[in-house]
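Here's the structure, in structure tokens; my notes come after.
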Amino acid sequence: LKLEQPGNAYNAIRPLIEQEPNDPNVLAMGAAILIASGEVERGKLMYERVAVLQGSQNAPIVNDLGTKVAWAQFAAGETENALATLSVVTAGRESQIRDLGVLASMQLNTQDYDGAEATIAKMITAAPRRALGYNMRGTLEFRRKEFERAIESFSQALTLESNYYTALRNRGLAAMNLGQYDRAEGDLKRLLELQPNDVRAKAALGKSLM
């Protein structure tokens, strides 16, 4: 199967799906191919079918499928359903950082800042030595125009991961919003050493030098 040609790939697997309509592995493959080909609604329904089939058998598989269903719902424009699905998937899980990050991103995109704050707090509690949670907390604070606090959070992320270029860009932009142009210039120049083609950094650096 060649996923760069998802339509052809689904045609290839269709007979197997027809022969084994209750095989979760076959259905999961079909769902992934459908979503890759742009048929999000059909893929979402197929993932939901797999989740039902696996429901009482394997919790880790169901959690993984829940994440995939949520992504399919988000791609289909069903943001509220996606948030609800991910909220269920992440509840009580130990290895939940990736899914919590997805949930927080969706909450930020829908301006559910209180929800994002709670989700990000869970991320940091679950993995206090990972930079991602602090960067996302800084992003939330940036959205709320709490630029000083955002700089502190981005700095915490960079303490844990010094070459975290997203946190560098974000801290530079927060510094610019406070008129701290020298600090912003330092972060953005360092970022461009790591990511020379970062368009946002180039544009922001140009403004800081004006």
* Asked: Scanning for something aliphatic (A, V, I, L, M) and over 21 Å from the mean Cα position of the chain (by Cα), does the stretch 132-139 turn up at least one residue?
  -> no
* Asked: Within the stretch 126-146, how many residues turn out to be modelled with pLDDT of 95 or more and surrounded by fewer than 19 Cβ atoms within 10 Å (Cβ to Cβ)?
  -> 4
* Structure fact -> In the stretch 171-194, residues that are touching a Leu at 6+ places or on another chain (Cβ under 9 Å) and open to solvent by 60 Å² or more (accessible area, probe 1.4 Å) total 4
* **Among (1) in contact with a helix residue (DSSP H, G or I) (Cβ under 8 Å, 6 or more places away or on another chain); (2) open to solvent by less than 40 Å² (accessible area, probe 1.4 Å) - the single one LYS207 does not satisfy** => (2)
* Structure fact -> The condition of being farther than 27 Å from ALA70 by Cβ and touching a helix residue (DSSP H, G or I) at 6+ places or on another chain (Cβ under 6 Å) holds, among LEU100, LEU140, LEU108, LEU194, only for LEU194
* **Residues (over 13 Å from ILE97 (Cα atoms) and out of contact with any Asp or Glu (no Cβ under 9 Å at 6 or more places or on another chain)) located in the stretch 110-128** => GLN111, ASP112, TYR113, ASP114, GLY115, ALA116, GLU117, ALA118
* Structure fact -> For the stretch 187-210, the count of residues that are assigned to a loop (DSSP other than H, G, I, E, B) and at pLDDT below 85 equals 3
* Asked: Picking from THR119, THR110, which residue would you name as being hydroxyl-bearing (Ser, Thr, Tyr), modelled with pLDDT of 70 or more and over 28 Å from ASN163 (Cβ atoms)?
  -> THR110
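The values are calculated or read from the model by the stated rules, or taken from the named source; none is laboratory data. Everything quoted here is computed from the prediction, not taken from an experiment. All Cβ positions, even for glycine, are placed from backbone atoms using ideal geometry, and neighbour counts span all protein chains on display. Side chains included, ligands, DNA and RNA excluded: accessible areas come from the protein's heavy atoms. Shrake-Rupley method; radii C 1.70, N 1.55, O 1.52, S 1.80 Å.
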